[in-house]
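Single-structure report; data block below.
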Amino acid sequence: MPVPDTQKSRRKLVVVGNGMAAGRMLEELFALQPDAWDVTIFGAEPRVNYNRIMLSPVLAGEKTYEDIVIHDDAWYAAHCVALRKGEAIVSLDCKAHSVTTSGGEVVSYDKLVIATGSQPFVIPAPGVNLPGVVTYRDLDDVKLMLAAAAKGGRAVVIGGGLLGLEAAAGLQVQGFEVAVVHLMPTLMERQLDESAGYLLQKAIEASGIEIITKANTQAILGVDKVEGVKLADGRILPADIVVMAVGIRPNVAIAKAAGLKVNRGIVVDDAMGSSDPDIIAVGECVEHRGQCYGLVAPLYEMAKIAAARLAGNDEALYTGSVTSTKLKVTGIDLFSAGDFSEGKDEIVLRDPAHGVYKRLVLDGDRILGAVLYGQTDDGAWYFDLLKKGADISSMRQTLIFGQAYQGGSPLDPTAAVAALPDDTEICGCNGVSKGAITASIKAHALTSLDDVRSRTKASSSCGQCTGKVEQILALTLGGAYAAATRKPMCKCTDLTHEEVRGFIISKSLKSMPAIWQELAWKTSCGCASCRPALNYYLVCAWPSDYADDSQSRFINERVHANIQKDGTFSVVPRMWGGLTTPDELRAIANVADRYKIPTVKVTGGQRIDLLGVKKEDLPKVWADLNAAGMVSGAAYAKGLRTVKTCVGSEWCRFGTQDSTGLGVKLEKTLWGSWTPAKVKLGVSGCPRNCAEATVKDIGVICVESGYDIHIAGAAGLHVRATDLLGHVETEDEVIEHVAAITQLYREEAAYLQRIWKWVETVGLEYVRASIMNDAANRKALAARFEASQKVYRKDPWAQRVSGREHYEFAPVATVAWIGVEEGATV
Amino acid sequence: MNAVTLNWFDIGPLTAIPRRGARTVRTPRREIAVFRTADDQVFALENRCPHKGGPLSEGIVHGAKVTCPLHNWVIDLESGGATGEDHGCSRTFPVKIVDGHVFVEMTRAIAA
Ligand code: SRM
Ligand SMILES: Cc1cc2nc3c(=O)[nH]c(=O)nc-3n(C[C@H](O)[C@H](O)[C@H](O)COP(=O)(O)OP(=O)(O)OC[C@H]3O[C@@H](n4cnc5c(N)ncnc54)[C@H](O)[C@@H]3O)c2cc1C
Ligand code: SF4
Ligand code: FES
């Protein structure tokens, strides 16, 4: 090795860690000052500096190690760098200005650079040390995976972030059957919102990789080597190799032991200096302004500043980075940038037919964040506008369409449709062109969207072109077309409630992000009006598959109590059919005393209301009521409220049947169900109708020959007497008919539509035909109701008492003293 | 007169607040609602609706807004202001996230 004469006089620079940040820093340094320093670099890995981010292509067999080397041996020689491959530094002595190597050698320095990167985080589960459990960080890990691939089998990747998904894709190329286990509900949740996460999951699943979300790993199973992964819900996934990719931790051990200031990472200032004046740190091991980074772009910026400082430039400052992410998996185009931490406003574009989702988060005239899926060509452009803080007000209208659309005059949507040539395909599902739609409107004098749908099929399948079809109608008919006959669910969509429900079934949409994407929602996560409706539709359509989203429920349903004007709650336990016992009454009295509940009232629904309960007392109140055998009365629910009864044949001199007993049975059948709006029943023992059954959603009037079933009554904002639906002879028939009516209503009514409104929409005859005249249909409806009730006929109070979402009832923090004494002037 | 100092309080990890949800912080003078949106933005507002004092923390969070549970006013989480036709404003507090923990600046929480 040529040793220049100057070496003796040069100051000694020692670098710990030979990774991407260190390599870049040396390059920058040599560009500024080719031979000011005598450099020694220690690398724990037994090799030169290589491009770590290209490990995935190596794993996938698309590249070799040689392809990804950044600095070969010749480079180190040419710059007179003493590279100590495979030698780790085990300790640092700041006072003595020296480091100690794994071999025990003590090496002194004038300036030290720490660039130790980070370490994969390993979850503390039993079995993680078994052979066959690997992390994903360096070439040795890739070699282990490739060696295992020779035998083939099943791979389980723990972690659905960037690294985990790249590992999964690579392992699949190597012939493994792959499953990814992810703790959170959506993949890459730190970079992507739910909609993009949904599309990503769909694409990865389509490529044959199994994705299991909301899965908590409990243990790695195996005796001499890994054999499987056990999840907290008891599921066991067989595995021949397990890749742990759950996150990284800055590698700070030597810095911490040496007494440098360390939080999550080694704390550095804007000059990249640590708490010791002669020690600089760069890369993933540092924490700068509270931030640790896990991508190369910021590390390169740090490397540049560190090099400038070493070269004597006292003005070079690192002020933090905005990062962007791309996933390097073939066939998946995904881009995300910005931190979205103060967004006010958003622009969303969805093209379900092509799996495209784009979302820009704005604050006034600046872009704060961007998520692109399916079409990422404009990622760099948005990222540039974001970093520059550019004013986008002049192009706001067309911003979401990308750079290519800028410059021309902004188009309004109708003008844009008008400008389309006649042969443009409008409805992708049914292959209908603009010309065909226009011709059909003219030829058949069509005036509504439904007309166009039945004539041309346009917008009758996925519905995402509905807006365009309406614009064509408006263009063709001019003022004659009034879109107002259709009422979209809310401002987030052009589709009606009925259409959305239809698509949930026909397209098998089982989550809110799936609905938002496939039906082209115009907002990223819905609004206070559509979210509760969608949650109900999903609960109803997929009782066993869909996990209820409590954040999409109105507060009353979220905490199973009715909110009052002062923020306290009311609690109403069930009294089946209006019956109670001395023990129940005593328990209610005790609860009222114990929790100082100010008001106890008999409701209009034949039960007792405890009013003015403090939120944090709710779980305790429920626990005490549960202990006395009482469950939630659901006085808050879009679900079964009460079944009012009268005394009936058991005591009353006019009673024809046991109306009280039947009411109890009906309440036990229907309780817990979720319905479009509240459902109230009444059962009267004779036509004198003391239970007011003829103003209930469903009413039963007992007569000598059996039971008259009534529906569609109301006595609230609108008073309406029921219509007689039909007559049956036995209690069991009543129960089957009522369950079937309820299910038909659950499946077909729009959210918040009470039974009477729904019946007026579909017609009494329709309901009669479906329930009274079609036994097979009735039995099928009742069976579907029962299937759903297997999931929902559970006391929500008991679930909460046992700890579900317990955080709901306590403040996250209580601040007793806040810096300045009470009453002091500030 | 005391000098004005900043009072940043660590109210706990971000993960303690459900996405599209809120938790409250109790202080001697008032209750503060800390909201977390679907994309992890965090906002702190006095837990009182400008309309009739409804507890905003119990509302449905959508985008960077919350719908009050009592009469459906929609409040902008960033400014604390009512949106649309409604007028009024809830007090806001500065928030920052450090190391996954939420910090709320409470100087204004003690002002009367
Ligand atoms: C407690 C009770 C009044 C009472 O003290 O008796 C009551 C209280 C409320 N009713 Fe009622 N209704 C009560 C019986 C009724 C009845 C009578 C009945 O069920 O026989 C009716 C008329 C029958 C009907 O529904 O057709 C009734 C028609 C309404 C309406 C109008 C509904 C409609 O579609 O027109 C509302 C408003 C709404 O739901 O949007 C309403 C809304 C409410 C709410 C939930 C208001 C709210 O959103 O906070 C009140 C909750 C107070 C609370 O915290 O408990 N309440 N409400 C009754 C509870 C019955 C029970 O045990 O569950
Ligand atoms: C599979 C994979 C894919 C990635 N994809 C991307 C991507 O697409 N885009 C992106 O921006 N980033 C990506 N990254 C992240 C990127 O690789 C890292 O951010 C970057 O490598 C960090 O650089 P660094 O120098 O801080 O740490 P490293 O590159 O990890 O270098 C640190 C080196 O220090 C050594 N070392 C540690 N302790 C000691 C010690 N005591 N003594 C001596 N040596 C020590 C380590 O062995 C290591 O070689 C990816 C990472 C992986 C693993
Ligand atoms: S009638 Fe019903 S909604 Fe109106 S004040 Fe009485 S309880 Fe409340
Ligand atoms: S108190 Fe909030 S809307 Fe009325």
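List of remarks:
- Taking Cα atoms only, the orientation of helix A:379-388 departs from the longest principal axis of chain A by about 80 degrees.
- The share of alpha-carbon pairs in the protein assembly as shown lying farther apart than 53 Å comes to 28%.
- Peptide A:562-569 - average C-beta neighbours from other chains (10 Å radius): 4
- Interface B:A - total buried accessible surface [probe 1.4 Å, Å², rounded to 100]: 4000 Å²
- Dipole of segment B:2-111 [Lys/Arg +1, Asp/Glu -1 at C-beta], most positive-end residue of B:PHE43, B:GLY21, B:GLY54: B:GLY54
- Surface analysis of segment A:53-100 yields an accessible area of 49 Å² per residue, using protein heavy atoms and a 1.4 Å probe.
- Note that segment B:2-111 shows a convex hull volume over its alpha carbon atoms of 95 Å³ per residue.
- Take each residue of peptide A:527-534, count the partner chain Cβ atoms within 10 Å of its Cβ, and average: the result is 4.
- Simple Cβ-charge dipole of segment B:2-111, Lys/Arg +1 and Asp/Glu -1, about Cα centre, in debye nearest 20: 300 debye
- Applying a threshold of 19 Å to the alpha-carbon distances of A:LYS143/A:LYS225; A:LYS326/A:LYS387; A:LYS434/A:LYS487; A:LYS487/A:LYS757; A:LYS665/A:LYS794 flags A:LYS434/A:LYS487 as lying beyond it.
- Computed packing ranks the peptides A:45-57, A:692-704, B:84-96 as A:692-704, A:45-57, B:84-96, most packed first, by mean other Cβ atoms within 10 Å.
- Accessible surface area normalised per residue over segment A:154-228 is 37 Å², counting heavy atoms of protein chains with a 1.4 Å rolling probe.
- Principal-axis analysis of the Cα atoms of chain A puts helix A:139-149 at an angle of about 60° to the longest axis.
- Accessible area of A:HIS560 in the full protein assembly, 1.4 Å probe (Å², nearest 10): 10 Å²
- The charge dipole of segment A:625-782, taken about its Cα centre with unit charges on the Cβ of Lys, Arg, Asp and Glu (plus for the first two, minus for the last two), comes to roughly 660 debye.
- Of the trypsin sites (Lys or Arg not before Pro) in segment A:224-320, the ones in a loop by DSSP (not H, G, I, E or B) with at most 15 other beta carbons within 10 Å are A:LYS225, A:ARG235, A:LYS261, A:ARG289.
- Other protein chain C-beta atoms within 10 Å of residue C-beta, averaged over B:12-25: 4.
- Label-to-label distance, nm, for residues given as A:CYS652 and A:ILE53 (7 Å Cα→Cβ offset): 7.8 nm
- Counting only DSSP beta bridges with both residues in chain A, the antiparallel share comes to about 65 percent.
- Taking the helices alone, chain A has a mean residue ellipticity at 222 nm of -9000 deg cm²/dmol, built from -39,500 (n - 2.57) per DSSP H run of at least 4 residues and averaged over all its residues.
- Among the GluC sites (Glu not before Pro) found in segment A:244-326, those both in a DSSP coil and sparsely packed, with 13 or fewer other Cβ atoms within 10 Å of their Cβ, are A:GLU315.
- The residue among A:GLY160, A:THR447, A:LEU585 whose Cα reaches farthest toward the positive pole of the charge dipole of the protein assembly as shown, with charges on the beta-carbon of Lys, Arg, Asp and Glu, is A:LEU585.
- Comparing the full protein assembly with the isolated chain, the residues of segment B:41-89 losing at least 40 square angstrom of accessible surface (1.4 Å probe) are B:GLN41, B:GLU58, B:ILE60, B:HIS62, B:PRO69, B:LEU70, B:GLU78.
- Dipole in debye (nearest 20) - the protein assembly as shown, about Cα centre, beta carbon charges: Lys, Arg +1; Asp, Glu -1: 1940 debye
- Angle of helix A:731-748 to the longest C-alpha principal axis of chain A, folded into 0 to 90 degrees and rounded to 10: 50°.
- Among the chymotrypsin sites (Phe, Trp or Tyr not before Pro) in segment A:579-656, those placed in a DSSP loop whose Cβ has at most 10 other Cβ atoms within 10 Å are A:TRP651.
- Candidates B:ILE75, A:VAL356, B:PHE9 compared by Cα position along the dipole of the protein assembly as shown: farthest toward the positive end lies B:ILE75, with charges placed on Cβ.
- Using the Cβ of A:ILE441 as centre and a radius below 10 Å, the other residues enclosed give a net charge of +1, where K and R count +1 and D and E count -1.
- Cα-based radius of gyration of segment A:506-610 once divided by 2.2 N^0.38 Å, which approximates compact folds: 1.48
- For A:VAL48, net neighbour charge (Lys/Arg +1, Asp/Glu -1) across residues whose Cβ lies under 15 Å away: -4
- Square roots of 5 times each gyration tensor eigenvalue, C-alpha, segment A:48-162, largest first, Å: 32, 21, 12
- Positive contributions from Lys and Arg (+1) and negative ones from Asp and Glu (-1), summed over other residues with Cβ under 12 Å from the Cβ of A:LEU112, come out at -1.
- Surface composition of segment A:572-663: carbon and sulfur make up 56 percent of the accessible area, probe 1.4 Å.
The values are calculated or read from the model by the stated rules, or taken from the named source; none is laboratory data. Values in this document were obtained by computation on a predicted structure and should not be read as measured data. Note that each Cβ is placed from the backbone with ideal geometry, even for glycine, and that neighbours are counted across all protein chains shown. Surface accessibility is based on the protein's heavy atoms, side chains included, excluding ligands, DNA and RNA. Shrake-Rupley method; radii C 1.70, N 1.55, O 1.52, S 1.80 Å.
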